[in-house]
């Protein structure tokens, strides 16, 4: 006998995790297994699963007992009210307070601080690929993976002989990106020459 079964139906635990019910059951609370999920033999025995299914579409408890699934609603009678539905919003009441976590002041980064420090004589950081419009983290990773090392590497790419890079979006604008890289590399070379850092 195998040491497991493959779920042949979607199975849910009840809220108290003491019983297993099929999809659509009123007490279904926590997804336990999708079709094709491997279920250990111990759970199969605990819930009485046969060939990855609940016996007869019934609720089975962890103790092995079964209860019949609730009868389908009578089409001639109105549906019972949904007890788990949230109450309607209170019109006119103020919205609930925002419960977002408060970020400590020492962790807040204010816009423009880095530029002010560089203007005050601090060392400006080297430009990165993601500083170029149209290049995000994924595109930068693809470029670096293909051997284009940073902004200087992109500025050195010959547009007519650009490499084919797997994982790079077909909408990537090589011309604009190379031009922007050349402008960034040129501006850092100009800054270095102005400060006397050129080699």
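Table for the structure above
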item: Region 1-13 - residue that is in contact with a strand residue (DSSP E or B) (Cβ under 6 Å, 6 or more places away or on another chain) and assigned to a loop (DSSP other than H, G, I, E, B) and, of those, surrounded by the most Cβ atoms within 10 Å (Cβ to Cβ); result: 7
item: Failed item in (1) surrounded by fewer than 15 Cβ atoms within 10 Å (Cβ to Cβ); (2) in a loop (DSSP other than H, G, I, E, B); (3) more than 28 Å from the chain's Cα centre (by Cα); (4) at pLDDT below 80, with residue 69 passing the rest; result: (1)
item: Inter-residue pairs, beta-carbon under 6 Å, first within 10 Å of residue 179 (Cα to Cα) and in region 154-167, second part of a loop (DSSP other than H, G, I, E, B), 6+ apart; result: 154/148
item: Region 19-28, residues that are in contact with a strand residue (DSSP E or B) (Cβ under 6 Å, 6 or more places away or on another chain) and either loosely packed, with under 13 Cβ neighbours inside 10 Å or under 11 Å from residue 53 (Cβ atoms) (or both); result: 20
item: Subset of region 33-58 [touching a residue at least 24 places away in the same chain (Cβ under 8 Å) and outside any loop (DSSP other than H, G, I, E, B)]; result: 33, 38, 39, 40, 41, 44, 47, 53, 57
item: Which listed residue, of 150, 136, is out of contact with any strand residue (DSSP E or B) (no Cβ under 7 Å at 6 or more places or on another chain) and on the phi > 0 side of the Ramachandran plot; result: 150
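The values are calculated or read from the model by the stated rules, or taken from the named source; none is laboratory data. Model, not experiment: these values are computed from the prediction. Glycine also receives a Cβ, built like all others from the backbone with ideal geometry; neighbour counts cover every protein chain displayed.
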